[in-house]
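Let me begin by presenting the structure, written as C-alpha cells, before commenting on it.
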Amino acid sequence: MLSHLSIQNFTLVETLDLDLKAGMTVITGETGAGKSVLLEALGQALGDRADASRVRHGCDRANIAATFELDANPRAQRWLANTDLAQPDNPSECLLRRTVTREGRSKAYINGHPATLAQLRELGDMLMDIHSQHEHQSLLIKDNHRRLLDEYAGNGALAQAVKEAYQVWHEHACAMQHRRDNADEVNARYQLVHYQVEELEQLNIQSGEIESLEQEQRELTSAEDLLQASAQALAICSDDEHGLHTGLSRALQLLRKLNDKPAALNEAEQLLSEAQIQLEEAQHSLEHFGDSFNLDPERLTWVDERLSSIYEVARKHRVAPEELAQLHSSLAQELGNLGGGDEQLEAMAREVEQLEQGYRSKAEELSAKRLKAATALSKKVNAHLKSLAMEHARLTVDCKPRHERPSAHGLEDIELLISTNPGQPPAALAKVASGGELSRVSLAIQVVAAERSAIASLVFDEVDVGIGGATADTVGRLLRQLASRGQILCVTHLAQVASKGHQHLRVAKTSSSKSAETALIELEGNAKVEELARMLGGATITEQSRAHAQQMLGDAAQA
C-alpha cells in the first residue's frame, strides 16, 4: 500500500508531505481546487510520460516521491529482488522518486537506484491499480470487452500463449499457401538454380586455387625471358677469360702474395674471399634453375583455359572469382529448400496441421476458462447493478464461437450485452445504455474486477460521476467494502461516498494576485462534518446539512 507521498513544485503544490493509511481514503474539495493533483503526481511516480507543463511556475523542477509498503505484495518484492533494486536492509519497503525539469527532461529512481521509465511502469502496475472517471467510455470499444474478461479470469499468460501459437501457425500456413500458389515460379527457379549448382560443381574450384593458378600463369608466360636472363647471368659469372669468377681469383692471388699487408688490404682480401664464395653459390642456383625449369607450352595453355573458365562463370553470376565457392554453398542450400516438390508440400502441410492442433488446444482451454469466468462476472455485476438502481438490468458476457475463422485472440468473439428493461433482449451497450446507465455499469464492473485484483492499492478517480442519492450511498458502501482488503484512494464529489472514508483529505486552493497554491488537509471530527455539509448544501451550510452529515458519518461507522 501507499504509505507516504511527497510532492514539491508540482502544478499548484509547492510542498506536500502526506501520510496515507490502509482502508478507504477520500479526497474532496471544490471544483477547480485541484482534487486530481494527488493522482497526477502519483501517475508521474508510477511512470506516466513527463509533462513539463506540470512543473510549478517559476521553478526549475518538480519532485515526487512515493513510499510503498510491500508486506502484502510478494510479486513486487520478487521483481525488486530479481532486478537488484530491492533495499537489502528493508525489502518490504519501496521508494519511487521522479524528477521532471522545466525543459521536459525527467529522471526516475527505485530505492535510490537510477531506473528506466519502462521499469517504473512495470513496477507501478504491481503497486497501484487506477480506475478513471472516463473508464466507462472504454466499454463502447468491443476489443476492451475481451481484455476485461481475461483480466477478471486471470487469463493473461494463457491468452498470450494462444496469440503466439496463432502467429506461428499463421506464418507457416501462409508460407505453404505461397508455395502452392507459386508452384510454376518455384519450379522455374528450381531448374535455374539446379543448372547453376551443376555448373559450379563441374567447375569444382578448390581452396586457394585461383591465387595459385594466377601465380603459375605469370611464371609460364615469362618463361623464355627467365631462361635467357639466367643463362646470360651464368655466362657473366663463369666465363673462363672475362667472367666474374676469373677476375675474383686473380685479385685474390695478387693480395695473397703480399707480406706484411696493412689492415685495409687484409680486410679487402677477406671481403673478396667471401664474395667468391657467394658468387659460387649464385652460379649453382643459376645452373639448377636452368636444369630444372621445364618450359611446357601445353601447361600454359591449360592454365589459361582454366582461369578463363573461372572468370567467365564469375562474370555470369556477377561476383568476384574468389566468391564463387560461397555462391555455390548458398545456391546449394536454396536448391535444397526448393527441391522436393509434392513431398515438401506434404511435409509443410503436416507441420501446419500440427501447429493448428497446438493452437486449438490452447485456444479451447482459454475458451473454457472464459465461459466459466463470463458466468461469474455477469452474475456479480448484475448483483451490483441491482443495488445501483438498475434493478431490471441484466449484463451478459456473450462468447460467440468462431471455429471456422479463429484469430490470435481465440475461438470466440467477446462482447458485453445488456438488457435494461424486462422482456428486452440483450443488445450492445452503445445501443441500449444511456450515459448514466453506462457509468453505473462501468462502476459495477470495476468493483467486481477490483475484487479479483492482486494489487493492494486501488484508486478510483471520480468514478461516481452521473449518480446520486441512494445510488451514491451504495457506491460508497461498495468502495468501503473493498477497502477492507487493502487500500482505496477515492476522489469524489459526493458526500454519500465521502462519508464512508476512513481517512478524509480536503483539497484547498488559495489564490493571490501573484500566485495560486493547492494544499491537502486531513480532516478529523467537526472538520469532516463541515466538509460533508458543504458538499450537501453548497455555499450555505445549514444546521440541517450539518445534522445530515453527522448522520452519514454515524451510519458509515456502524456499517
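Quick note: the coordinates plus some simple rules give every number you see, no bench work behind them. Predicted model, so just to flag it, every value in this text is computed and none were measured. As a convention, Cβ positions derive from the backbone with ideal geometry for all residues, glycine included, and neighbour counts pool all protein chains shown.
Could you give the size of the charge dipole of the stretch 309-387 about its Cα centre, using +1 on the Cβ of each K and R and -1 on the Cβ of each D and E, expressed in debye and rounded to the nearest 20? Numbers along the way, then the final one.
Working: 12 positive and 12 negative charges, 250 e Å.
That gives a dipole near 1200 debye.
Rounded, prolate or oblate: which one fits the stretch 438-504, using the alpha carbon gyration tensor with axes a ≥ b ≥ c (rounded when a/c is under 1.5, else prolate when a/b beats b/c, else oblate)? Intermediate values should be presented prior to the final figure.
Values: a/c = 1.85, a/b = 1.23, b/c = 1.51.
Taking the square roots of the gyration eigenvalues as a ≥ b ≥ c, the stretch 438-504 is oblate.
Rounded, prolate or oblate: which fits the stretch 470-559 when a ≥ b ≥ c are the square roots of the eigenvalues of the alpha-carbon gyration tensor, with rounded for a/c under 1.5 and prolate only if a/b beats b/c? Don't jump to the answer; show the numbers that get you there.
Details: a/c = 2.23, a/b = 1.38, b/c = 1.62.
It comes out oblate by the Cα gyration axes.
Work out from phi, with θ = phi - 60° and the Karplus expression 6.51 cos²θ - 1.76 cosθ + 1.60, the ³J(HN,Hα) of each residue of the stretch 102-112, listed in order in whole Hz, and give x for Gly and Pro.
Here the 3J(HN,Hα) series is 4, 7, x, 7, 9, 10, 10, 9, 10, 6, x Hz.
From zero up to wherever the largest Cα-Cα distance of the stretch 227-309 sits, split into 10 Å bins and tell me the percent of pairs in each.
For the stretch 227-309, the binned pair fractions read 15, 31, 22, 15, 9, 6, 2, 0 percent.
From Cα pairs below 8 angstrom and at least 6 apart in sequence, can you work out the relative contact order of the stretch 190-338, rounded to a whole percent? Write down the numbers at each step before the final one.
Details: 78 pairs, mean separation 63.2, N = 149.
Dividing the mean separation by the residue count of the stretch 190-338 yields 42 percent.
Once whole DSSP H runs in the chain are found, which of them have Cα atoms spread over 27 Å or more along the helix axis and a mean Kyte-Doolittle score of at least 0.5?
Values: long enough: 156-181 (37 Å, -0.72); 183-203 (30 Å, -0.68); 263-292 (44 Å, -0.53); 297-317 (31 Å, -0.88); 342-387 (65 Å, -0.87).
Counting only whole DSSP H runs, no helix qualifies.
What is the order of His113, His172, His242, fewest Cβ neighbours within 10 Å to most? Each step should come with its number before you reach the end.
Values: His113 14, His172 18, His242 9.
Exposure proxy ranking, most exposed first: His242, His113, His172.
Once amide H atoms are placed 1.01 Å from N in the peptide plane, what residues at a sequence separation of 5 or more from His4, or on another chain, have their amide H within under 5 Å of its amide H?
When sequence neighbours closer than 5 places are left aside, the close amide H contacts are Leu20, Thr67.
What fraction of the DSSP beta bridges in the chain is antiparallel, stated in percent and rounded to the nearest 5?
Numbers: 49 of 68 bridges.
Around 70 percent antiparallel, to the nearest 5.
How fast does the stretch 190-338 diffuse by Stokes-Einstein, in µm²/s, taking the Kirkwood radius from C-alpha pairs at 37 °C and 0.692 mPa s? Mind dumping the intermediate values first?
Numbers: Rh = 20.4 Å.
Diffusion coefficient, whole number: 161 µm²/s.
Give me Ser285, Ser238 ranked fewest to most by other Cβ atoms within 10 Å of their Cβ, as a rough exposure proxy. Please report the intermediate quantities before stating the final value.
On the way: Ser285 12, Ser238 16.
In increasing order of surrounding Cβ atoms, one gets Ser285, Ser238.
Could you tell me which of Ser292, Asn90, Ala449 has its Cα farthest along the dipole of the chain towards the positive end, charges placed at Cβ (Lys, Arg +1; Asp, Glu -1), taken about the Cα centre?
Checking the options against the dipole of the chain, the answer is Ala449.
What residues qualify as long-range amide H neighbours of Val459, i.e. H under 5 Å apart, gap of 5 or more or another chain, H built at 1.01 Å from N?
For Val459, whose amide H was placed from the backbone, the distant partners under 5 Å are Asp129, Ile130, His131, Leu489.
Spelling out what I want: for every residue of the stretch 397-411, take phi, set θ = phi - 60°, compute 6.51 cos²θ - 1.76 cosθ + 1.60 (Karplus), and round to whole Hz; glycine and proline get x.
Result, rounded to whole Hz: 9, 8, 10, 8, x, 9, 4, 7, 9, x, 9, 5, 9, x, 9.
Once Lys and Arg get +1 and Asp and Glu get -1 on their Cβ, which of Thr301, Val397, Ile521 lies farthest toward the positive end of the dipole of the chain?
Ile521
So I have [x] 25.1; [y] 32.6; [z] 25.9, and one of them is Kirkwood radius over Cα pairs in Å calculated from this model. Which one is it?
[y]
Rounded to the nearest 500, what is the chain's calculated 222 nm mean residue ellipticity when only DSSP H runs of at least 4 contribute -39500 (n - 2.57) each, over all residues?
On the way: 19 runs with 311 residues, N = 559.
Value at 222 nm, helices only: -18500 deg cm²/dmol.
What size of dipole, in debye to the nearest 20, comes out for the stretch 157-230 about its Cα centre when the only charges are +1 on Lys and Arg C-beta atoms and -1 on Asp and Glu C-beta atoms?
Values: 5 positive and 15 negative charges, 168 e Å.
For the stretch 157-230, the charge dipole is close to 800 debye.
Is the shape of the stretch 326-369 rounded, prolate or oblate, going by the alpha carbon gyration tensor and its root eigenvalues a ≥ b ≥ c, with a/c under 1.5 for rounded and a/b larger than b/c for prolate? Present the calculation step by step, with values, prior to reporting the outcome.
On the way: a/c = 9.46, a/b = 2.88, b/c = 3.28.
In terms of gyration-tensor shape, oblate.
Provide Cys94, Cys174, Cys399 in ascending order of the number of other Cβ atoms located within 10 Å of each residue's Cβ, fewest first. Walk me through the numbers on the way to the answer.
Numbers: Cys94 25, Cys174 11, Cys399 20.
Ordered by Cβ neighbours within 10 Å, fewest first: Cys174, Cys399, Cys94.
Give me the percent of Cα-Cα pairs in the stretch 285-387 that sit more than 24 Å apart, rounded to a whole number. Kindly include the intermediate steps, with their values, before the conclusion.
On the way: 3656 of 5253 pairs.
Of all Cα-Cα pairs in the stretch 285-387, 70 percent lie more than 24 Å apart.
Got a sec? Charge dipole of the chain, +1 on Cβ for Lys and Arg, -1 for Asp and Glu; which of Ala231, Ile414, Gly247 is way out at the positive end?
Of Ala231, Ile414, Gly247, it is Ile414.
Two-decimal Rg/Rh of the stretch 36-140 from alpha-carbon positions, Kirkwood Rh?
Values: Rg = 14.8 Å, Rh = 14.6 Å.
Ratio of gyration radius to Kirkwood radius: 1.01.
With +1 on each Lys and Arg Cβ and -1 on each Asp and Glu Cβ, how big is the dipole of the chain about its Cα centre, in debye rounded to the nearest 20? Walk me through the numbers before you get to the answer.
Values: 57 positive and 82 negative charges, 1170 e Å.
For this selection, approximately 5620 debye.
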